[in-house]
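Student: My questions all concern the structure below.
The values are calculated or read from the model by the stated rules, or taken from the named source; none is laboratory data. Computed from a predicted model, the values in this text were never measured in an experiment. Don't worry about glycine lacking a Cβ; one is built from the backbone with ideal geometry, like all the others, and counts go over all protein chains shown.
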Amino acid sequence: MAKKIRSTSLRDPETPDVDFAEKRQLVQVSDFSDKTFAGVARSGGIITLAIMAAVGIFLALRAQAALETQGWNFLTETAWTPENGKFGIAAVLFGTVTIAIIALFVSVPLGLGTALFISEVLPERIKGFAISLVDLMAAVPSVVFGIWGVFFLQANIIPISYWVSSTFGFIPFLAVTDGSGNPLTDPSAFTSSAVIAGFVVGLMVVPTQTSVMREAFSQTPLGEKEGALALGATRWGMIRAVVLPFGRGGIIGGTMLGLGRALGETIAVYMIISPIFEINPQILKSGTNSVSSLIALRYGEASDNGLSALMAAGLVLFLITLVINFTASSIVANSRSGAESN
């Protein structure tokens, strides 16, 4: 005769039913070290924001006189004669953006390639050395890059600039012409150009971009990479299908952070360019300008009106750089590579 087995519950009948779908409320008890760390971190963030706000307020107050004099013409005027009441940053702002864009064309391929090489190709035993080497590049003073650009790069890039101008001169921004539109062949017409300054600044921002991109690539889930390889993908196929999409936010963020650095570079650009106060769309031709180099060039001899005008130029550069950096941080934080793991 078969025995009947009665199922029993191991739950205590006095225990009330619990909805396990509902998340439990965890109560965190902070000790002294946690409270100290939180206070120090919070204070550091508040102090940083306060300093940044103080810089902006200082520039705005010192630039008030110049902005009231010129108004919106400050952004459209090319001349720079504060003593005569005629000044603006249209020319220097155009040169600043031109140099920064050229720098990105140089730095982004180098930074992206270096980041992928370190994170996906190099063996683990030498990866740390390569990371330190790239980071040390960021510690090289700007004046060293400027000296290299003046005494080495400029002399060696003139033949290349001349060949590009003579071959692709039908493209307006690659032509080098005089006021009548006649091509220039004298070597002095190709020195101190936006291309030379942009190339030097591009090498200076490579470490920043490489660091951000490499950190994003290193967070790629190992399971997804191994899954792509197990399905027959080559290393490049895995990088293209998994690593690059995952690190898209890091690529964009690193590029924009490098742009912010390129916009504000001073000494290297100041040493290379030949300052002019007119819009020069020919990037291979001698003569350009930037906001930071303008401030470095005119600060020591500026009158009260000139100093206020320089502060106004610095305020514009400060706001542009601030917007770019905050945008880059937001992109990195909202990307998959910058999100927290669950």
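Student: Looking only at the range 94-120, count every residue that is within 22 Å of PHE173 (Cβ to Cβ) and surrounded by 19 or more Cβ atoms within 10 Å (Cβ to Cβ) and tell me the total.
Tutor: Total satisfying the criteria: 12.
Student: Would you confirm, using the coordinates I've provided, whether GLY253 is under 25 Å from LEU203 (Cα atoms) and either touching a Lys or Arg at 6+ places or on another chain (Cβ under 9 Å) or surrounded by fewer than 21 Cβ atoms within 10 Å (Cβ to Cβ) (or both)? Before the answer, list the steps.
Tutor: Working: under 25 Å from LEU203 (Cα atoms): yes; either touching a Lys or Arg at 6+ places or on another chain (Cβ under 9 Å) or surrounded by fewer than 21 Cβ atoms within 10 Å (Cβ to Cβ) (or both): no.
No: the conditions fail for GLY253.
Student: Only one of PHE145, PHE170 is more than 14 Å from SER211 (Cβ to Cβ), part of a loop (DSSP other than H, G, I, E, B) and of a type in the set (A, V, I, L, M, F, W, C). Can you tell me which?
Tutor: Result of the check over PHE145, PHE170: PHE170.
Student: Restricting attention to the range 219-234, which residues are surrounded by fewer than 17 Cβ atoms within 10 Å (Cβ to Cβ), part of a helix (DSSP H, G or I) and touching a helix residue (DSSP H, G or I) at 6+ places or on another chain (Cβ under 7 Å)?
Tutor: GLU224, LEU229
Student: Quick test of your reading of the structure: GLU77 fulfils all but one of (1) part of a helix (DSSP H, G or I); (2) in contact with a strand residue (DSSP E or B) (Cβ under 9 Å, 6 or more places away or on another chain). Name the failing condition by number.
Tutor: Result: GLU77 fails condition (1) only.
Student: On the basis of being more than 15 Å from PRO281 (Cα to Cα), hydrophobic (A, V, I, L, M, F, W, C) and modelled with pLDDT of 90 or more, does VAL200 make the cut? Walk me through how you get there before you give the answer.
Tutor: Details: more than 15 Å from PRO281 (Cα to Cα): yes; hydrophobic (A, V, I, L, M, F, W, C): yes; modelled with pLDDT of 90 or more: yes.
Here the answer is yes, as VAL200 does meet what is asked.
Student: With the requirement that a residue be under 30 Å from ALA115 (Cα atoms) and assigned to a loop (DSSP other than H, G, I, E, B), what does the range 252-283 give you?
Tutor: Once the filter is applied, which keeps residues that are under 30 Å from ALA115 (Cα atoms) and assigned to a loop (DSSP other than H, G, I, E, B), the range 252-283 yields GLU265, THR266, ILE283.
Student: Within the range 121-142, track down each residue that is assigned to a loop (DSSP other than H, G, I, E, B) and surrounded by 12 or more Cβ atoms within 10 Å (Cβ to Cβ). Full working, then the answer.
Tutor: Start the filter on the range 121-142 by keeping residues that are assigned to a loop (DSSP other than H, G, I, E, B), which leaves 122-123, 138-141.
Result: LEU122, ALA138, VAL140.
Student: Kindly establish whether VAL201 is touching an Asp or Glu at 6+ places or on another chain (Cβ under 6 Å) and either closer than 18 Å to VAL269 by Cβ or not in a helix (DSSP H, G or I) (or both).
Tutor: Details: touching an Asp or Glu at 6+ places or on another chain (Cβ under 6 Å): yes; either closer than 18 Å to VAL269 by Cβ or not in a helix (DSSP H, G or I) (or both): yes.
For VAL201, the condition - touching an Asp or Glu at 6+ places or on another chain (Cβ under 6 Å) and either closer than 18 Å to VAL269 by Cβ or not in a helix (DSSP H, G or I) (or both) - is met.
Here's the yes/no breakdown for (1) within 27 Å of MET311 (Cβ to Cβ); (2) in a helix (DSSP H, G or I); (3) free of Cβ contacts under 8 Å to residues at least 60 places away in the same chain:
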{"site": "ASP34", "(1), (2), (3)": "no, yes, yes"}
{"site": "ALA41", "(1), (2), (3)": "no, yes, yes"}
{"site": "ILE51", "(1), (2), (3)": "yes, yes, yes"}
{"site": "ARG62", "(1), (2), (3)": "yes, yes, no"}
{"site": "GLY71", "(1), (2), (3)": "yes, yes, yes"}
{"site": "LEU112", "(1), (2), (3)": "no, yes, no"}
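Student: Filter the range 104-138 down to the residues that are closer than 25 Å to VAL201 by Cα and not aliphatic (A, V, I, L, M) and list them by number. Can you show your working first?
Tutor: We begin by selecting, within the range 104-138, every residue closer than 25 Å to VAL201 by Cα; these are 104-119, 129-138.
Correct list: PHE105, SER107, PRO109, GLY111, GLY113, THR114, PHE117, SER119, PHE129, SER132, ASP135.
Student: Among the candidates PRO159, PRO187, single out the residue that is in contact with a Pro (Cβ under 9 Å, 6 or more places away or on another chain), within 17 Å of ILE283 (Cβ to Cβ) and surrounded by fewer than 13 Cβ atoms within 10 Å (Cβ to Cβ). Break it down into steps so the answer makes sense when it comes.
Tutor: Working: PRO187 fails: surrounded by fewer than 13 Cβ atoms within 10 Å (Cβ to Cβ).
None of the other options fit; the residue is PRO159.
Student: Of the conditions (1) closer than 29 Å to THR177 by Cβ; (2) surrounded by fewer than 18 Cβ atoms within 10 Å (Cβ to Cβ); (3) charged (D, E, K, R), LYS285 satisfies every one except a single condition; which number is it?
Tutor: (2)
Student: On to the next question. Taking the range 143-153, which residues are free of Cβ contacts under 8 Å to residues at least 24 places away in the same chain and either more than 30 Å from SER218 (Cβ to Cβ) or surrounded by 15 or more Cβ atoms within 10 Å (Cβ to Cβ) (or both)? Reasoning before the result, please.
Tutor: We begin by selecting, within the range 143-153, every residue free of Cβ contacts under 8 Å to residues at least 24 places away in the same chain; these are 144, 151-152.
Within the range 143-153, PHE151, PHE152 meet the criteria.
Student: Considering only residues that are of a type in the set (D, E, K, R) and either surrounded by fewer than 17 Cβ atoms within 10 Å (Cβ to Cβ) or over 26 Å from PHE151 (Cα atoms) (or both), which ones fall in the range 296-307?
Tutor: Matches in the range 296-307: GLU301, ASP304.
Student: Let me ask something additional. Test each condition in (1) farther than 28 Å from SER161 by Cβ; (2) of a type in the set (S, T, N, Q); (3) buried (at least 21 other Cβ atoms within 10 Å of the Cβ) for SER293 and report the one that comes out false.
Tutor: Only one criterion is unmet by SER293, namely (1).
Student: Sticking with this one: Looking at the range 141-154, can you tell me whether even one residue there is of a type in the set (S, T, N, Q) and either modelled with pLDDT under 90 or more than 29 Å from PHE246 (Cβ to Cβ) (or both)?
Tutor: The answer is yes; a qualifying residue exists.
Student: Considering only the range 56-88, state which residues are of a type outside the set (Phe, Trp, Tyr), in contact with an Asp or Glu (Cβ under 8 Å, 6 or more places away or on another chain) and crowded, with 17+ Cβ neighbours inside 10 Å.
Tutor: The answer is GLN70, THR78, GLY88.
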